[in-house]
Every structure is written in structure tokens, then in C-alpha cells.
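Where a number appears in this text, it was derived from the coordinates with a stated rule and is not lab data. Quick caveat, the model's predicted, so the values are computed rather than measured. Virtual Cβ from ideal backbone geometry, glycine too; neighbours counted across all protein chains shown.
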Amino acid sequence: MLSPRWLILVCLACAACQPATTPTVDESPVEVPPAETTAPGDSAAQIFTRRILPIFQSKKPSSCTECHLSGVHLQDYIRPSQQATFANLVAAGLIDVEQPDESKILKFIQRTPPQSSLINQQVREQEYEAFHAWIVAAVAQPELLSAAADDQPIGPQLPVEVIRHARRDQVLASFVDNIWTEVGRCAACHSPDRNQKQVAEHGEQVSWIRLNDPQATLDHMLAADLINVADPEKSLLLQKPTLLVEHGGGQKVVVGDRTYKQFRRFLDDYARLAAGGYATAEQIPPPADEVSVVTDIWLKLTDVPAEYDQQLLQVDLYPASGDGWSNERIATSDRLVAGPQKLWQHSLSLTAPRGSKFATQLAEQKLPPGKYLAKIYVDQTGKLQQDFTAQLDDSDLVGQVEINSRWPAGYGKMTKAPFRPLSKENAP
Ligand code: HEC
Ligand code: HEC
């Protein structure tokens, strides 16, 4: 049975219905230990049994999960016995017996993100009050103060790299890197400022982008099951635009292309994090060497051999440098060839080595005017579909052409160039 107090809280939570809260701790209050009060004369043992053990036994997430997707649980700091819990927390420097209010475990519990939800706040207050009452009572008991710690460490036993990687701010950074920078490709139909027609035809769920708010967009993708945490490859976010399931927008992504790789990079990692699947620092996938951002700068290739119909064609742009060309691509784009029209066209993504100066300027979405070498690759063997982590390389290079353009943005101001097959002189 829910107490009337809980009912009020639940109703408040619904009424507030803020769109951009962080849904973390399960919003169902049923298993949260009731806010028991402790009478002044209660012993530390009574408080431990009534208020700390229920936290230990609870299957509900603790307040820590509001910032730590996995890897850190308040339960990790509790042992079934009061004495072992106390002695080990003291030995780990988490309880301050001189100044109990200053105990580090209390500081951990007090950490609060700026947009904490009402339910999370409630959970946090209960945890704090329980630990505070227990610690204050416990430090006054000589037999606890003299208890010796055992040799089992207390707290999460994961490497700090894993705890760091599982932090929600890190997860959000990876989401921005890998997915948020790509959704410009989907915005015409999925962003609420631009998709009135799609909404009228298909319903509100097509508006899955939350304007200027990557965290809210991620939260929505999880809540609306666009991300399949149990089987990330089966996420609708991938299956719709690759046409593995029917998609009102048609084919927007090809298995193994750059967008697909980025989506998988985030989704696979998120699923493993959510399952607490990392035990060592070595298991954590390193971030991509390159960062990128989708632009509205378009490139069209004409005279593309019709035999490449429906094969993935990738163009990399290299800026002029000295007498030749830079070694690093500055923009890329990949899409299927329209063979009958001998045509390929797509918007460009700007790319830069992670940490480079240009990486900080990508958001401006500008490609400096001037001369570039376009290297053209075609996946003629379908190797990316077989292994989405594969890359097109020199063995897939089929053409290259110099392009001089001001690179204006807009579909109507597309830069055009003819496809030039690789000749003996310009072979790599
Ligand atoms: C408001 C967000 C937030 C909450 C809530 C939060 N943490 Fe953290 N935690 C962080 C951040 C940020 C770091 C990174 C290091 C730092 O700033 O101290 C961190 C780091 C840690 C670490 C790594 C080691 C260390 O000493 O830095 C541990 C362990 C940890 N937190 C435990 C907890 C526990 C236990 C809880 C819940 C009682 C919790 N955290 C709640 C934000 C939070
Ligand atoms: C030209 C318009 C258009 C573009 C561009 C487009 N889509 Fe869609 N998408 C639709 C329409 C219409 C629907 C609704 C019908 C359906 O579910 O297939 C839809 C549905 C979806 C859904 C299911 C949403 C839900 O909650 O049911 C997902 C996921 C999706 N698209 C992903 C994408 C991704 C990812 C991109 C960009 C890479 C993209 N779409 C680009 C038109 C588009």
C-alpha cells in the first residue's frame, strides 16, 4: 500500500511533468524505504537495522545513479553487519569519527545534479538522513570505535577509469560526439521546429529530437525505446534509417557507413555500460581519433559509372597544402550511388583530428573556400555491410578530382564536379 504522503509526491511528480528531467532512479516509489523517524534514544544498532539495512537490501537504484549510470552504488558501502560496515568505512576514510557531519560518505550522498528530479531528491534525503543518524549514533559507541576493519575493501571495487567512463556526464559527451552531431541529417522530419507536416501525418512520436537539448533527446530515445539497451544493434534508431524496418523517411543510413559507425559506437557502449559490463580499463573502447559534424554544404558528382549503382560511395576532401595536398581529410561524405542517373550527391561532414585546432571550429560548419582534392572510394564488395567496423581504403579508391568552390551551404547551392576515374598518373 502506498502511504498518502507517497501518493501526494507521485501526483506532484506527474503534474510537474518537466520535459527535460533526467530519468535515472526508477520513478516508482514503492520499494523506497519509508521515511522512518528515529527516536532520540535509539541505539546505533537499531538505526542500522531499520534504516541502513533496507538500503543494502533494496533492489532499487540509489541516488548515486543520477550521475553514475553504473559502477557506483550506495549498497557497495554497506555490509550485513553494523560493526563491519562501521569499521571498514572508518578505515577507508569515509566516516570521520571526530567530525561525523564531515564524513566523506555523507558528502557523496549530498552531491546533487542541477536538474535533479523530485523522486531522486526524496531518495537522496532518505539516504542522507539514515546515514547521518546512524553515523552520529555510532561514533558515540566505544565498542564500535574499537572494532577492527577486516581485510575486504569497502566501496565500489572497479578501476577508477571504469567509474569515470560510466559517469552520466561522460555518457552525454559521447552521445554528443557520436549521435547529436549527426541528427542534423534527420532534423527535417524529426525536429519539432521543422516537421509539422510529418507530425500531422504520422503523430507526435516523429518529433524525437529535443531542440538544442542533447540530454533530453537521449532521455527521450531511452524512454521511447528508440534505443534497445538489451540488443543495441536492434535499436530503432539504427533499423529505421537503414531500412532494416520500414521507415517513412526512406534509406538515410547504410550499414557500415560513417553515421552507422558512430551510432553503433555510442549504442554498443551505452548498452554495455548500462549492464555494468566493464571490469577493466582495457575493455573501454577508446574514443574515435576523429571528430565530425554534419553540415548543410552539398556536393554533387556527375558522370559516376552506372555499374556502381546502389553501392556506397565515399568522398574525402583534402585541402591544398604547399605544392600538393594536406595529408588529413577535412571533410567526408558517403552515400549510395544512383546508377541510372550516373549521380551521387550528399551533404558534407567536416572532420578533424580530436584535439586539433580545427576540431574546435567544426561547429561553425564552414569549409574554407578554395581548392580541394576529392578522393573517391566505392565499396564494390560490400565489405562494410559484412563488417561495419571495416574502413574503405586505397584498395577501394576508384577516382579523384580537383574541386574549387566557395562551398556555400544549402541544397540549392550545391557544389558540382564530374567523377574522374583513377588514371595511371593519379594512382596512389
Ligand atoms: C551530482 C552528480 C554526482 C552524484 C549524485 C554522485 N556522484 Fe560520484 N562522482 C561525480 C563526479 C563528477 C565524479 C568525478 C570526480 C569528482 O568530481 O570528485 C564522481 C566520482 C566518484 C567516485 C570516484 C572516486 C572519487 O573519489 O572521486 C566515486 C567512488 C563516487 N563518485 C561515488 C559516489 C557515490 C557513492 C554516490 C552516491 C552516494 C555518488 N558518487 C553520487 C558526481 C556525482
Ligand atoms: C524525409 C523525412 C525523414 C528523414 C530525413 C528521416 N526520417 Fe525517420 N521517420 C520519418 C517518418 C515519416 C517517420 C514515421 C513513420 C515511421 O515510423 O516510419 C519516421 C520514423 C522514424 C523513427 C521511429 C520514431 C518512433 O518513435 O516511432 C526513427 C527511430 C527514425 N525515423 C530515425 C531516423 C533517423 C536516425 C534519421 C536520420 C539519420 C531519420 N529518421 C531521417 C521520416 C524521416
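Here are the numbers for the structure shown:
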| item | result |
| --- | --- |
| Residue-span extension gain [Q361 to E204] - 0.36 nm each, minus C-alpha spacing | 53.1 nm |
| Cross-link table K240/K375; K300/K413; K252/K357; K240/K300; K300/K375, entries beyond 19 Å C-alpha to C-alpha | K240/K375; K252/K357; K240/K300 |
| Theoretical gain in end-to-end length, R354 to V229 [0.36 nm per residue, Cα-Cα removed] | 42.2 nm |
| GluC sites (Glu not before Pro) within segment 351-428, DSSP loop, no more than 13 other Cβ atoms inside 10 Å | E425 |
| Lysines with Cα under 25 Å of K104, excluding same-chain neighbours fewer than 8 positions away | K59, K60 |
| Gained length - M414 relative to Y128, 0.36 nm times residue gap less alpha-carbon distance | 97.0 nm |
| Residues W208, W134, sorted so that the one with the fewest Cβ neighbours within 10 Å comes first | W208, W134 |
| Label-point separation, D323 to A91 (7 Å along Cα→Cβ), nm | 7.1 nm |
| DSSP beta bridges in the chain [antiparallel fraction, %, rounded to 5] | 90 percent |
| Virtual spin-label span in nm between L222 and Q251, 7 Å along Cα→Cβ | 3.3 nm |
| Fewest-first sequence of S81, S405 by Cβ atoms within 10 Å of each Cβ | S81, S405 |
| Magnitude of the charge dipole, segment 165-283, Cβ model with Lys/Arg +1 and Asp/Glu -1, debye to 20 | 220 debye |
| Alpha-carbon centroids, segment 154-199 and segment 104-134: separation in whole Å | 26 Å |
| Estimated FRET transfer efficiency when R0 is 51 angstrom, pair D296-R111 (beta carbons, to 0.05) | 0.80 |
| Charged-residue dipole, Cβ positions (Lys, Arg, Asp, Glu), the chain about Cα centre, Debye nearest 20 | 1240 debye |
| Cubic angstrom per residue, convex hull over Cα atoms of the chain | 180 Å³ |
| Residue order, fewest to most surrounding Cβ atoms within 10 angstrom, among H202, H73, H247 | H202, H247, H73 |
